[in-house]
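The structure under discussion appears below in the form of structure tokens.
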Amino acid sequence: MNIQKNIVASLFIKTISIIISLLLVPITIGFVNTVQYGVWLTLSSVIGWFTFFDLGLTHGFRNKFAEAKANNNDDLARTYVSTTYFTLILIFVIVGTILLLVNSFVNWALILNISDSYAKELPSVFVVIIIFFCMQMVLKTMNALLNADQKPALASFIDMVGQIGVLLIIIVLVNVTVGTLLWLAYVISAIPVIVLIFFSIYFYNNRYKKYAPSFKYIKLTKCKDIMCIGGKFFIIQISWLLIFQSVNIILLHIQGPESVSIYNVVYKYFNSIIMVFSIFTTPFWSAFTEAYVKKEYEWMRNSYQKLNYLSLLFSLLVIVATLVSPIIFDLWLGEKMKIPYVYSVAMGVYVIIMIRSNLYITLIAGMGKVLIQTIVDVFFALFSIPLLIFSCKIYGIVGVVFVSCFMPVVQSALGRIQLNKILQRNAFGIWNK
């Protein structure tokens with residue numbers, strides 16, 4: 001029942017979030033321009049690389065908190081909360097300081113292969129992004145706690161409030177000032193952080209008061225418990241970041257800023273389907289953690305079967321979205337940007353594969369059996385970037401999307417085998433790690 005309520009609530013919240021996300025694209029392009037928007041997306045990708053410095057702590061924390069709560073050990077759960085916050089603060093104070101020092105010596109316009117007219121503005125933009133990025137990485141622990149407590153709808157609500165804030169501020173700025181990358185950086189970086197601070201204070205003084213972070217509950221010895229599984233998630237994060245965050249940089253250097261904008265618009269359109277699918281799967285991450293601890297295999301098998309059918313329905317939805325995409329893009333973007341249909345077809349194939357992959361990854365991650373995924377991700381991280389560059393030079397955006405399909409295809413194939421073995425209780429060796 002808790003899962004059903006979260007799915008219904010999340011569906012409503014994510015629908016609003018998707019609408020806001022789609023509205024933000026033409027409004028943001030209108031605030032700056034297509035080239036500046038492409039530069040902004042690339043800057044965000046560069047900073048996104050540094051999310052791996054959380055060392056997988058939030059994912060490890062999510063599983064360990066869920067386990068402690070399933071065993072009714074509130075003190076241990078609070079220890080995990082306090083230790084995670086302390087460790088992340090320590091990490092990102094160091095990371096932020098280093099990045100700010102490096103920023104003062106770097107010519108970002110040269111590195112990003114863009115006009116020298118941005119050379120003076122970019123260092124200031126990076127300072128804003130770095131400061132708020134580091135703050136957000138710590139504050140996102142609240143979202144991890146909500147997901148661990150099987151309340152993903154609340155975590156989505158926090159994100160939605162941040163999106164609404166960004167949308168409203170940009171609408172105001174469009175009418176009162178000339179758009180710049182610096183203004184865009186302040187709005188998109190700062191608003192979500194302010195929202196996270198507000199909700200963290202609220203929840204730790206109300207619903208989660210007994211889990212509120214406290215110096216008394218910081219135990220660095222518990223980092224080992226969190227990192228035991230968190231370390232694997234850390235490797236997975238690095239692999240995904242190397243592959244997918246490098247796409248914008250590769251496109252920028254080879255195809256130019258406008259190709260980054262086009263790629264991200266097509267991705268945002270189709271990714272909305274993945275976002276909706278995740279509404280149904282996300283609650284099962286921590287639910288599978290609890291069920292695995294309690295050995296409720298029959299419930300897990302039934303849940304997996306239902307989600308399996310659901311993934312097929314969403315794959316059909318992707319096909320429909322691909323067929324109507326020219327009409328949607330024309331209504332959405334008008335004359336601001338033209339999207340070739342072949343990009344929609346390529347991204348549609350990619351999203352269908354990702355839907356299957358995400359299903360297996362989510363359920364297996366809930367049980368903490370992620371060694372196979374780690375190996376697969378590392379393998380593709382080593383070979384995908386040269387393939388992306390080669391394919392981008394020859395086929396452009398279509399080539400980038402095609403190469404991006406390789407990893408989720410393998411993950412889906414191995415994930416299906418592993419999940420069936422675990423649920424049938426005959427997973428041994430690497431299949432059970």
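Data for the structure
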{"quantity": "Output for region 59-110, where each listed residue is in contact (Cβ under 8 Å) with a residue 60 or more places away in the chain and of a type in the set (Ser, Thr, Tyr)", "calculated": "Thr79, Tyr80, Ser82, Thr83, Thr84, Tyr85, Thr87"}
{"quantity": "Where a residue in region 419-433 is among the aromatic types (Phe, Trp, Tyr) and its partner, wherever it lies, is loosely packed, with under 11 Cβ neighbours inside 10 Å and in a helix (DSSP H, G or I), with Cβ under 6 Å and at least six apart", "calculated": "none"}
{"quantity": "Residue tally, condition part of a helix (DSSP H, G or I) and farther than 21 Å from Leu316 by Cα, over region 266-296", "calculated": "11"}
{"quantity": "Residue count, region 26-42 (criterion: more than 18 Å from the chain's Cα centre (by Cα) and either surrounded by fewer than 17 Cβ atoms within 10 Å (Cβ to Cβ) or under 12 Å from Asn264 (Cα atoms) (or both))", "calculated": "8"}
{"quantity": "Lone qualifier among Ile327, Ile355 - being in a helix (DSSP H, G or I), surrounded by 22 or more Cβ atoms within 10 Å (Cβ to Cβ) and at pLDDT 90 or above", "calculated": "Ile355"}
{"quantity": "Exclusive hit being closer than 30 Å to Gly399 by Cα, modelled with pLDDT under 85 and open to solvent by less than 20 Å² (accessible area, probe 1.4 Å), set Ile273, Ile236", "calculated": "Ile236"}
{"quantity": "Number of positions in region 73-101 that are of a type in the set (A, V, I, L, M) and either open to solvent by less than 60 Å² (accessible area, probe 1.4 Å) or not in a helix (DSSP H, G or I) (or both)", "calculated": "7"}
{"quantity": "Single condition Ile352 does not satisfy, out of (1) free of Cβ contacts under 8 Å to residues at least 24 places away in the same chain; (2) in contact with a Ser or Thr (Cβ under 6 Å, 6 or more places away or on another chain); (3) of a type in the set (A, V, I, L, M, F, W, C)", "calculated": "(1)"}
{"quantity": "Selection count, region 102-159, where residues are under 21 Å from Tyr211 (Cα atoms) and either among the basic types (Lys, Arg) or not in a helix (DSSP H, G or I) (or both)", "calculated": "4"}
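Every residue, every condition in (1) open to solvent by 60 Å² or more (accessible area, probe 1.4 Å); (2) hydroxyl-bearing (Ser, Thr, Tyr); (3) closer than 20 Å to Asn358 by Cβ, yes or no:
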{"site": "Ile389", "(1), (2), (3)": "yes, no, no"}
{"site": "Cys405", "(1), (2), (3)": "no, no, yes"}
{"site": "Val409", "(1), (2), (3)": "yes, no, yes"}
{"site": "Gly415", "(1), (2), (3)": "no, no, yes"}
{"site": "Lys421", "(1), (2), (3)": "yes, no, yes"}
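The values are calculated or read from the model by the stated rules, or taken from the named source; none is laboratory data. The structure presented is a predicted model; accordingly, all values stated were derived computationally and were not measured. Note: ideal-geometry Cβ built from the backbone for every residue, glycine included; neighbour counts use all protein chains shown. Side chains included, ligands, DNA and RNA excluded: accessible areas come from the protein's heavy atoms. Shrake-Rupley method; radii C 1.70, N 1.55, O 1.52, S 1.80 Å.
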